[in-house]
Amino acid sequence: MQLGKLQAGGRLQAGGAAQKARRGASPRSAVVTAAAPGEKLSALELLRRENELLRQTLDVANVPIDAVVEPAAPSRPSAAATAPRPTAPRMTSPSGAALSLLDETGGAVGDASLIPEDYWSPAIEVPDNMEYVDEYGAISPIPNHDGTECFKWDNTLWSAAEHFKYRWNMFKNIRSAIDQNEGGFEKFSQGYKYYGFNRGECKGQQGVWYREWAPGAKAMALVGEFNNWSPTDAHWAFKNQYGTWELFLPDNPDGTSAIPHRTKVKCRLEDVNGHWHDKIPAWIKWSTQEHNEILFNGVYWDPPKGKGAPGEIDPEKTYTFKYPRPAKPRALRIYECHVGMSSEEPKVNSYLEFMRDVLPRVRKLGYNAIQIMAIQEHAYYGSFGYHVTNFFGVSSRCGTPDELKALVDEAHRLGIIVLMDIVHSHASKNTNDGINMFDGTDGMYFHGGPRGNHWMWDSRCFNYGNWETLRFLLSNARWWMDEYKFDGYRFDGVTSMMYHHHGLSYTFTGNYGEYFGMNTDTDAVVYLMLVNNLLHDLFPNCITIGEDVSGMPAFCRPWTEGGVGFDYRLQMAIADKWIEVMKLHNDFAWNMGNLVHTLTNRRYAEACVGYAESHDQALVGDKTIAFWLMDKDMYDYMAVPGSGPQSMIVDRGIALHKLIRLLTIALGGESYLNFMGNEFGHPEWIDFPRVDSYDPSTGKFVPGNGGSLHLCRRRWDLADAEFLKYKFLQAFDRAMVHLDKAFGYMSAPNSYISRKDEADKVIVFERGDLVFVFNFHPTQSFQDYRVGCREPGPYKLILSSDEEVFGGYRNITKDADAAFQTQSGNYDNRPHSFQVYAPARTCAVYGPADWADKDADRKPHGIPGLGVKDLGPYFSR
């Protein structure tokens, strides 16, 4: 968990989430602190205190510790000995302990109308008057080594030792300079408390400070609705020796702010060339666009009624967080999403509608994290959020800053981690709404000249060696986690950042000279080390994912070892491989060995997030997996038998869709990602509203769509329709995700691929206690097919793509309840083996017989098609 505290009435504090007593007991007020006021704790010390905080929290909730502390499971537990009894939901505390709502016989306590997600993804409860407040970790001292500690994982990196030493020295020098000149790394990363608009005091008067770094500007004033867009003498700022403009506006005599809440503001400046412009402040927290205007306006955000009650949504009050951050999971199952296009209707959806309609779907599917795109304000909606104009501003199309906070808090209540797709790789060239040419100079936050322009993306490239750029970006990374309680980031376009060639028209072969040499933008790599240092120190359970296609060595090794510091790398080659094989239009040409190689080709001890497809494949001009497989037949032949015409193309597509996704989640990485709607084979691509334009890199004419939102939405109704086959794909995705909840196969230490048979088109492998059998052959089924395994049996079928609920034919089904006995003796380099039936174009997962239950999906906690006993041996959110 992200350690923090819950405050009652602004005074009483509780470490972790004090669970509401469940057997008629009422929670008592208590004081439970993670740290004394002002005390600085290391991440390790924070984690050490977690158990004690949990015990105190349980005391508050009047729940005995024996009811929630379970013994550690053996490597392969016996169901009879240790089976959890999931006949009632488990309320999960922030430390991960399960509060099982069971009576002594395993019967449910309370509401009999519970649904499966109440068992598998229980919501967190805290007392109504409790506020969640983060406790920060301390900034770590710089380890005393030369930056080559990460070589212990790959001694071939010694060929690049001088490069690692050079960048480590750069990193140390910047950290040292920040400590000496800025009062420390932590203070340096809180630029948002100084720049932009902040409440404060001047000469004993309360009011609003406005500060802006614009060294090239000759004059600056603040204008807006508060002064009718005409500055008086009191509205002109003064420039200090560092190029920062400062202005103080005292409160009105009645104590109200000189700038009313939700009123428009801009800074009017004379640029370096003597031209006057109205600019949106660079550190603005919200900016909006009127329906009848083209340009955006900055908006002063300071709700007049102050702080709301925890969890209260009031447009006149700031949102107060109520629920603690969820525990860091053993593996991420990420639901990539875009709030604006998440509506079933052709409109821009809101944060509150997403919270109401989409979060319950995510919970039901079993994903434990959402990755939200397009949060930072971007003037051009069709950029998918990647041409950012206001880095500290919440995208106003979807709602207000406090409505976004409510969304994040609700996700935390449901135990869902919230990651943000953050863009620090480039910025919009928009000079009217963004920070480009802010003071009239070509540089400022960016490189000047050609180096500062990204020719492919038509955007500006940051100068990561610039002091104020570092302050701006580091503060921005902290801002979203601090103010909005995001749990981490997916950093966009990291390959473009790390190399002067941006990874364009360049092939990475794995030669270390491609990563460590003159091609590398060392300033950018050091920035990434700094931001990972900052985030992981202040927020010990922060998660960072880097979008890197190059395979940069040590990218996912901690910064303390001299690595770049990311927790995960996006395994981007997998999606490209699936497109490559689907283009073959010949199922016999699919190469099993090549598929497995691509899925498993990642660096040792560097975790990856695998995915079969993301938003990239769903965009206009590309195709989703479902569309590659079924194409135009999706329009006419997706009805279930008896409800419409059938198509062999659709039948093939549905079968392969299931195989592709299970193979990817099982072999493609230590975590998994899916873009919203792709789990059920969403038809059509995503097409944002756009007008006619020209490709900036080629000059080619690109026709628009008349500003239509018709293809910029998610057709949830298709997945929910009982008469359409989309429901089969959704059900299978839900089952394979819950299988990981039960068995933890993505993060299991035992991983062995025993068979890649090109003639049979069969792949067999183990993850943890499970044996996966894939038959990609288009026509050939195999009886008594022998598969190897590490552990002796018996085994039973736990998941089959051929179940009727998944659109299959029940040629292999858990309902048969067959026990597969193993034989000793080497087979495919495994000590044991058993024989199975493997129908064409199916996948099957076999697990220990003790943990199989053919009737599991007929019970209150059951997931359709999944034959796991109770919640499985290694249940985790």
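The values are calculated or read from the model by the stated rules, or taken from the named source; none is laboratory data. Keep in mind it's a predicted model, so treat the numbers as computed, not measured. All Cβ positions, even for glycine, are placed from backbone atoms using ideal geometry, and neighbour counts span all protein chains on display.
Worth a mention:
- When the test is whether a residue is surrounded by 18 or more Cβ atoms within 10 Å (Cβ to Cβ), farther than 18 Å from N533 by Cβ, at pLDDT 95 or above and not basic (K, R), Y136 does not pass it.
- Residue identified as out of contact with any Lys or Arg (no Cβ under 7 Å at 6 or more places or on another chain) and outside any strand (DSSP E or B) among G825, G808: G808
- Taking the range 458-554 as the region of interest, the helices (runs of 4 or more DSSP H) fully inside it that hold 1 or more residues being over 21 Å from H447 (Cβ atoms) and modelled with pLDDT of 95 or more are 467-484, 522-538.
- Only strands (runs of 3 or more DSSP E) whose full extent lies in the range 258-358 are considered here, and the ones with at least 1 residues that are surrounded by fewer than 16 Cβ atoms within 10 Å (Cβ to Cβ), touching a residue at least 12 places away in the same chain (Cβ under 8 Å) and aliphatic (A, V, I, L, M) are 307-310.
- Note on the range 703-727: residues that are outside any loop (DSSP other than H, G, I, E, B) and surrounded by 14 or more Cβ atoms within 10 Å (Cβ to Cβ) total 7.
- Among the residues listed as L584, L595, the single one being touching a helix residue (DSSP H, G or I) at 6+ places or on another chain (Cβ under 9 Å) and either touching a residue at least 60 places away in the same chain (Cβ under 8 Å) or not in a strand (DSSP E or B) (or both): L595
- Verdict on L504 being surrounded by 22 or more Cβ atoms within 10 Å (Cβ to Cβ) and among the aliphatic types (A, V, I, L, M): no
- From the options D271, D278, D251, D233, residue that is under 23 Å from Q376 (Cα atoms) and acidic (D, E): D278
- Any chance I625 is among the aliphatic types (A, V, I, L, M), closer than 24 Å to R330 by Cα, touching a Phe, Trp or Tyr at 6+ places or on another chain (Cβ under 9 Å) and touching a residue at least 24 places away in the same chain (Cβ under 8 Å): no
- When P831 is tested against (1) outside any loop (DSSP other than H, G, I, E, B); (2) within 36 Å of the chain's Cα centre (by Cα), only condition (2) is not met.
- When M373, M355, M444 are screened for being in contact with a strand residue (DSSP E or B) (Cβ under 6 Å, 6 or more places away or on another chain) and at pLDDT 95 or above, only M373 passes.
- Number of positions in the range 515-553 that are out of contact with any Asp or Glu (no Cβ under 7 Å at 6 or more places or on another chain) and under 18 Å from A573 (Cα atoms): 7
- Boolean, P792 is touching a helix residue (DSSP H, G or I) at 6+ places or on another chain (Cβ under 7 Å), in a loop (DSSP other than H, G, I, E, B) and in contact (Cβ under 8 Å) with a residue 12 or more places away in the chain: no
- As a summary of the residue check, S425 satisfies the conditions (1) over 24 Å from the mean Cα position of the chain (by Cα); (2) assigned to a loop (DSSP other than H, G, I, E, B); (3) among the polar types (S, T, N, Q) except for the one numbered (1).
- Residue match in the range 823-836 (condition: aliphatic (A, V, I, L, M) and in contact with a helix residue (DSSP H, G or I) (Cβ under 9 Å, 6 or more places away or on another chain)): no
- Test result for Y672, free of Cβ contacts under 8 Å to residues at least 60 places away in the same chain and hydroxyl-bearing (S, T, Y): no
- Of everything in the range 399-415 that is surrounded by fewer than 24 Cβ atoms within 10 Å (Cβ to Cβ) and either of a type in the set (A, V, I, L, M, F, W, C) or without any contact (Cβ under 8 Å) to a residue 24 or more places away in the chain (or both), the residue that is nearest to E336 (Cα to Cα) is L414.
- In the range 587-623, of all residues being over 23 Å from Y568 (Cα atoms) and of a type in the set (D, E, K, R), the one that is farthest from the chain's Cα centre (by Cα) corresponds to D587.
- The residues on offer are F875, F782, and the sole one that is closer than 23 Å to L663 by Cα and in the same structural domain as D757 (by TED's automatic domain parsing) is F782.
- Set side by side, the residues M630, M648 differ, and just one is surrounded by 15 or more Cβ atoms within 10 Å (Cβ to Cβ), over 30 Å from H163 (Cβ atoms) and hydrophobic (A, V, I, L, M, F, W, C), which is M630.
- Qualifying position, being free of Cβ contacts under 8 Å to residues at least 60 places away in the same chain, assigned to a strand (DSSP E or B) and surrounded by fewer than 20 Cβ atoms within 10 Å (Cβ to Cβ), among D784, D760: D784
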